1. Count the net charge of all other residues whose Cβ sits under 12 Å from the Cβ of Phe147, scoring Lys and Arg as +1 and Asp and Glu as -1.
2. Between Gln440 and Asp267, what length comes free when the chain is fully extended (0.36 nm per residue of separation minus the Cα-Cα distance, one decimal in nm)?
3. Rounded to the nearest 0.05, what FRET efficiency is calculated for His7 and Ala327 with R0 set to 51 Å and r the Cβ-Cβ distance?
4. Could you give each residue of the stretch 148-157 its phi-based ³J(HN,Hα) in whole Hz, using Karplus coefficients 6.51, -1.76, 1.60 with θ = phi - 60°, and x for Gly or Pro?
5. Would you tally the net charge around Val283, using a Cβ to Cβ cut-off of less than 13 Å, leaving Val283 out, and scoring K and R as +1, D and E as -1?
6. Considering the options Thr29, Leu310, Ser72, tell which one lies farthest towards the positive end of the dipole of the chain, charges being +1 on Lys and Arg and -1 on Asp and Glu at the Cβ, about the Cα centre.
7. What residues have an amide H closer than 5 Å to that of Trp94, excluding those fewer than 5 places away on the same chain, when H is modeled at 1.01 Å from N in the peptide plane?
8. One quarter of the convex hull surface, Cα atoms only: what value does that give for the stretch 499-544 in nm²?
Amino acid sequence: MKLSNMHLKTLREVPNEAEIASHILLLRTGMIRKLVSGVYGFMPLGWRSVRKIEEIVRQEMDAKGAQEIHMSAVQPAELWMESGRWFKYGPELWRLKDRNGREFCLGPTHEEIFTDIVRSDVNSYRQLPLNLYQIQTKYRDEARPRFGLMRSREFVMKDAYSFDRTFKDLDKSYDDMYDAYEKVFTRCGLNFRPVEADTGAIGGSNSHEFTALSEVGESEIAYCEKCNMAATTEKAACVDAPASNEKELPLEEVHTPGTKTIEEVADFLKLDKTQTLKALLFVTYDDDGKEKGYVAAFIRGDRELNRTKLVNALNIPEHAIEFADEAKMAAVTGCVGGFTGPVGLHDCKIVVDSEIPGLRNLCAGACKADYHMKNVNYGRDYNADIVADIKLLKVGDPCPVCGAPVKHARGIEVGQVFKLGTKYSESMGAYYKDENQKDQLIVMGCYGIGVTRTLAAIVEQHHDENGIIWPMSVAPYHVIITLVNPEDEVQSKVADDMYQKLLKAGIEVLLDDRKERPGVKFKDADLLGIPIRITVGRGAASGQIEYKRRSETEKEEISAAEAIARAIRTVEEEK
């Protein structure tokens, strides 16, 4: 493609709304175009890279025996009501009605649709296993779209669904997809890590998230270098503190004026924060969005609450809980903002972290302004409705597998695999007949890759101060020929001859034949990040051109013939 004929608009200035490198560079290169907040279109160069990622995904999925189909993004509400997710998915589900008042949603995922297909079409064990997938536009009504393609309201995703006879068969399907994902992200040039993850609104039992390591990522992972444990912090289990063998001391109320925080009360009473009990107060909502009840969660004073674990312990959707209005909650439960403890609390669900029952003589709020209680003990002074691990695994905490100190890293979630089991087949009646003609529930898995998010992750990991540095496999073009002076007949002839020969060899090549200043062309070449740059300038008269890899600083003066041969060889090795 000749740049003089291409629809291309690059930007010199950083767009005001863009904060991270991928968002800035994809806008500056003109590869994406913002329509409204969280909704982006793709321009020619950007769409070429999206299609290349899709093709890598397609090849690896097909290699595992998966079959591609394509379903509508518009889904009837009835199927989501069957599965029980119409409410549980929450406000991110983009709901709409047709002119007759029938409810639909724009699909963020397609478990219900694919389950409906299989329950209609599969009736015998001979038709299993089965893996169907699609690459399609998805929608989530994000409350705060940000970071360009990282958290958008419309995005391209590959979603696949496996259907098996048994849980053992599901294990194989899951392992196949796990292997395919490792190959996909490796081919895309990503530095990534698979980690155990929470199943969230998708549900099921086991799940792994594929995380592209990046400081701007929204996923935080905990990992151990000694035993290779890795999990999102939402999922990571924590090791409880050893149970205390202290003797229980008498309960004592103490005056602690103005000490609302753990730090303040610990300092006032000369206690270590590990000897205190921290209260966090919440209100929950029912399926109609009405207040359902109050929750008081208690963790050791030096700990942080893991809200995902709390939601899972309560067995409620993530959107059905928020921090309580303390004044309203006080009128019902007797809590006092900044001075709430479990003793004397009433008419609310009490959730206690799993290590608390083993600890002795803690300090907690007295549910009385400016007062705390010392020597509070679980079982003697209060009990809980739920005891569960609800704490966050922090840097330096012992690894739940081997006990070594854990580390944290940030990353971008680019894919996730789930073992759904019979969650959807049971709720939606998806059965097959076994060898004895008896009905058996189909066992399911689901597997997603964020195609457009993968594009952003690649840019985050592959750029410098001048622009993008595309891996060959996903670059919109392999080679860019920069013609310094289009008015020079020799330069034009050499550039065009190289262009035609590369095209004939199957190399995707751009020819920058625009009537622009050389500096503009060089800046655009670096910004666009095409892997190989060939510059045809004054040296063309003596048969010499400049050859440079975008990822390197060194330039070489070589013959046109050698440049062509080297480019072809490099592209074949790396694409």
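FYI, it's all coordinate maths here, none of it is from the lab. Bear in mind that the values here come from a model prediction, so they are computed numbers and not experimental data. Glycine also receives a Cβ, built like all others from the backbone with ideal geometry; neighbour counts cover every protein chain displayed.
1. Values: positive: Arg144, Arg146, Arg151, Arg453; negative: Glu17, Glu19, Glu142, Glu218, Glu460.
Here the count lands on -1.
2. Details: separation 173, 0.36 × 173 = 62.28 nm, distance 6.13 nm.
My answer for the length gained is 56.2 nm.
3. Details: r = 58 Å, r/R0 = 1.14.
Taking R0 as 51 Å, the efficiency between His7 and Ala327 is 0.30.
4. x, 7, 5, 9, 10, 8, 9, 7, 9, 9
5. Details: positive: Lys290, Lys292, Lys328, Lys349; negative: Asp286, Glu291, Glu322, Asp325, Glu326, Asp347.
For residues surrounding Val283, the net value is -2.
6. Result: Thr29.
7. Amide H to amide H, under 5 Å and 5 or more residues apart or across chains, Trp94 pairs with Leu106, Asp141.
8. Details: hull surface 15.3 nm².
For the stretch 499-544, the mean projected area of the Cα convex hull comes to 3.8 nm².
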